[in-house]
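The structure under discussion appears below in the form of structure tokens.
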Amino acid sequence: MSEWIIGFVTQWGYLGIFLMMVAENIFPPIPSELIMPFAGFAAANGDLNVVGVVIAGVLGSLLGTFAWYAAARLLGLERFRRLCNRFGRFATISEDDIDKAVHWFARYGQWAVLLGRLVPAIRTLISVPAGLAAMPLWKFLIVSAIGTTIWTAFLTAAGYLLHEHYDAVAGWVDPVSTAVVAVAMVIYVWRFVTWKPIKTIG
């Protein structure tokens, strides 16, 4: 995948960065940890402008993350509850879990989005509870833009400074992503095995 990403960004420049970051936020397996450091490397070579690289990355990331937010917002909390009731064991989520999550998100939502945008593997998923909790769009975009700019600028700067060793960034960040996913999988399996339906009164 890395060679394909590099070739795409090399051929399409800022548009390639924008499109790759849109895809990265819609399909998490595509790694921003490789896209943006390589873009920073290209800027260090004089092929691209570093400010333009960051702007293209941020705009692409925001569009991609908005897609998940919009999907969750359109689905709505009640429909999501019904889906969880129907596929409860596979979702490992009960109505009680949903209510607690929405209550927590209503209180700490903007901080959850801000910090979530800085955590590998969580960056995309954080958009879903934001949409379900009906977080105001303007607030979601502003907070997401701040977190995304920090993350994108960090990866770009790392690639710019490391120059031809830009791929080392992925080597640093990948273990974090793997650890987050591994912990999530362990929690999922445990909840799947111990899950019990909660009957709704009335």
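The values are calculated or read from the model by the stated rules, or taken from the named source; none is laboratory data. Here the structure is a predicted model, which is why all the values come from computation and not from measurement. FYI the Cβ positions are ideal-geometry reconstructions off the backbone, even for glycines, and counts take in every protein chain you see.
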Considering each residue of the stretch 43-60, count those that are over 10 Å from PHE18 (Cα atoms) and either of a type in the set (Lys, Arg) or surrounded by 24 or more Cβ atoms within 10 Å (Cβ to Cβ) (or both), and give that number. 0
Taking the stretch 1-27 as the region of interest, how many residues are modelled with pLDDT under 85, closer than 18 Å to ILE126 by Cβ and crowded, with 19+ Cβ neighbours inside 10 Å? 2
When every residue in the stretch 61-84 that is of a type in the set (A, V, I, L, M) and farther than 30 Å from ALA39 by Cβ is compared, the one surrounded by the fewest Cβ atoms within 10 Å (Cβ to Cβ) is LEU74
Provide a single number: the residues in the stretch 28-42 that are farther than 13 Å from THR156 by Cβ and either surrounded by 24 or more Cβ atoms within 10 Å (Cβ to Cβ) or at pLDDT 90 or above (or both). 0
